[in-house]
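Participant: Supplied in structure tokens, the structure appears directly below.
A short reminder: the numbers here are calculations on the coordinates, not readings from a lab. Values in this document were obtained by computation on a predicted structure and should not be read as measured data. Neighbour counts run over all protein chains shown; Cβ positions are idealised from the backbone, glycine included.
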Amino acid sequence: MGKIGDIGFETIHLGHGSGGELTRKLLDSIIFKTFSNSFLDQKHDGSIVEFDKKIAISTDSFVITPIFFKGGNIGSLAVHGTVNDVAMCGAIPKYLSLAFIIEEGLKVSDFIKIVQSIKKAADESGVLIITGDTKVVERGKGDQIFINTTGFGEMHPKANISVNNIKEGDKIVINGNIAQHGMAIMSEREGLEFESTIESDSTNLNYLVADLLDKFGDKIKMFRDPTRGGLGTVLYEIANDISKGVTLKEINIPLEKQVSAACEMLGLDPLYVANEGIFIVVIDPDIEDEVLKLMRNHQKGKNTAVIGEFTNEHPNKVVMESLIGGKRIVSPLMGEQLPRIC
């Protein structure tokens with residue numbers, strides 16, 4: 001069939017979504033050739049897989065402007081986002097479905113870049129693309145490309161992840177710098193560009209999660225990745241789900257200087273800026289030192305820090321001690337701070 005992407009067109013046409021010969025050529029030359037495996041090669045409407053454990057399933061749709069940004073693109077983002085959502089359940093991701101909605105006129109070369117980044121991210125995450133779908137819509141109706149992914153994973157045998165496990169005194173640990181992804185997107189946008197080297201933190205977190213569960217089991221109370229809405233919103237939601245309070249120390253929250261400066265320049269609070277390679281883990285205080293050691297020795301946790309804890313005081317509220325010693329209530333994100341970031 002020739003090299004990957006040899007479909008005879010420079011841009012995507014409506015005919016590529018018709019279900020006919022052009023669709024078959026697009027799928028054969030790009031999708032099937034890139035993701036070839038024993039499941040997908042059957043070219044069936046779905047795939048049959050076997051699980052001998054409980055499974056976690058998570059689905060997500062990705063719409064982002066621009067589709068290419070420092071540190072990744074919509075393709076790698078789609079894989080990382082869904083792999084991480086499955087991992088946050090305490091599961092080991094194994095399979096992904098992959099569905100594209102492509103706007104007529106998208107450059108074939110851009111589509112190939114996206115597909116290849118999906119392949120790379122999936123390989124690095126240890127997951128297979130086993131089924132999917134491709135649709136093409138008229139110009140002006142798709143904003144270049146939308147991607148939907150659904151992830152499937154086997155529950156880790158030692159996982160007992162639930163907000164109901166959280167007790168007073170449990171520590172809140174984060175694996176790295178906040179607000180990287182959102183500010184990387186902002187740096188790419190027309191009219192909002194500023195000189196920086198800020199890159200998206202988009203990455204897979206499943207191996208670090210598995211290492212934590214391997215060693216500490218049910219002393220890991222829960223995981224959560226603060227994507228849309230950011231760290232502040234996620235902690236507020238957890239506090240309200242269990243009617244406990246959260247105390248935060250701003251000085252302990254990892255934040256890169258360039259990101260902090262960019263947020264200040266644009267009038268944004270980094271607590272509400274999206275992340276794609278960051279997660280919080282709630283742990284029993286007895287294992288704090290061991291958890292920090294494990295995470296800081298991991299590639300995806302070098303900037304790990306304890307940023308707060310749960311308390312029975314001020315239930316349903318997140319209270320942060322500021323850098324200058326004062327305190328403020330951290331409310332959830334109201335409205336839209338950053339459009340189209342994941």
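Participant: Can you bin the stretch 92-233 into rounded, prolate or oblate? Criterion: square roots of the alpha carbon gyration tensor eigenvalues sorted a ≥ b ≥ c, rounded for a/c under 1.5, prolate for a/b above b/c, oblate for the rest.
Facilitator: Here the stretch 92-233 falls in the oblate category.
Participant: K107 versus D214, label points 7 Å from Cα toward the beta carbon: distance in nm?
Facilitator: My value for the distance between the label points is 4.2 nm.
Participant: If each of E10 and L323 carries a label point 7 Å out from its Cα toward its Cβ, how far apart are those two points in nm?
Facilitator: Spacing of the two 7 Å Cα→Cβ label points: 4.9 nm.
Participant: While we're looking at this one, here's another question. How would you rank F310, F9, going from fewest to most other Cβ atoms within 10 Å of each one's own Cβ?
Facilitator: Numbers: F310 22, F9 15.
If I rank by nearby Cβ atoms, fewest first, I get F9, F310.
Participant: Please report Rg (one decimal) and Dmax (integer) in Å for the Cα set of the stretch 14-155.
Facilitator: 14.8, 45
Participant: Further, regarding this structure: With +1 assigned to the C-beta of every Lys and Arg and -1 to the C-beta of every Asp and Glu, and no other charges, what is the dipole magnitude of the chain about the Cα centre in debye, to the nearest 20?
Facilitator: 240
Participant: Output wanted: per-residue J couplings in Hz (rounded whole) for the stretch 177-188, from phi through Karplus 6.51 cos²θ - 1.76 cosθ + 1.60, θ = phi - 60°, x for Gly and Pro.
Facilitator: Listing the rounded values in order: 5, 8, 6, 5, 5, x, 6, 5, 5, 4, 5, 8 Hz.
Participant: Convert each backbone phi in the stretch 109-126 into a coupling constant with the Karplus relation 6.51 cos²θ - 1.76 cosθ + 1.60 (shift: θ = phi - 60°), then list the ³J(HN,Hα) values in order as whole Hz, x for Gly and Pro.
Facilitator: Taking θ as phi minus 60°, the curve returns 4, 5, 4, 5, 4, 5, 4, 5, 5, 5, 4, 4, 5, 5, 4, 5, 8, x Hz for the stretch 109-126.
Participant: In whole Å, what are the Cα extents of the chain along the three principal axes, biggest one first?
Facilitator: Largest first, the chain extends 64, 52, 32 Å along its Cα principal axes.
Participant: For the chain, what is the percent of antiparallel DSSP beta bridges, rounded to the nearest 5?
Facilitator: Working: 43 of 56 bridges.
Bridges in the chain that DSSP calls antiparallel: roughly 75 percent.
Participant: Based on alpha-carbon positions alone, could you give the equivalent ellipsoid semi-axes of the stretch 163-330 from the gyration tensor, as √(5λ), descending, whole Å?
Facilitator: The three semi-axes for the stretch 163-330 are 26, 20, 13 Å.
Participant: In nm, to one decimal, how far is the modelled label at S260 from the one at D286, with both set 7 Å along Cα→Cβ?
Facilitator: Going by the 7 Å Cα→Cβ label model, 3.6 nm.
Participant: Just to compare against my own numbers: the Cα pair-distance distribution for the stretch 1-77, 10 Å bins, whole % per bin, please.
Facilitator: Calculated P(r), rounded to whole percents: 14, 30, 40, 14, 2.
Participant: Within the stretch 5-110, which trypsin sites (Lys or Arg not before Pro) sit in a loop by DSSP and count at most 12 neighbouring Cβ atoms inside 10 Å?
Facilitator: Here the trypsin sites (Lys or Arg not before Pro) that fit, given the DSSP loop and packing criteria, are K43, K53.
Participant: Once you have a ≥ b ≥ c as the square roots of the Cα gyration tensor eigenvalues for the stretch 219-311, tell me rounded if a/c is under 1.5, and otherwise prolate or oblate according to whether a/b is larger than b/c. Let's see the in-between values first.
Facilitator: Details: a/c = 1.94, a/b = 1.25, b/c = 1.56.
Taking the square roots of the gyration eigenvalues as a ≥ b ≥ c, the stretch 219-311 is oblate.
Participant: Of K25/K135; K249/K327; K158/K244; K167/K244; K215/K293, which pairs sit farther than 18 Å apart, going by alpha carbon to alpha carbon?
Facilitator: Those over the limit are K158/K244.
Participant: Positive end of the dipole of the stretch 178-296, charges at C-beta (+1 Lys, Arg; -1 Asp, Glu), about the Cα centre: which of M186, N240, V291 has its Cα farthest in that direction?
Facilitator: N240
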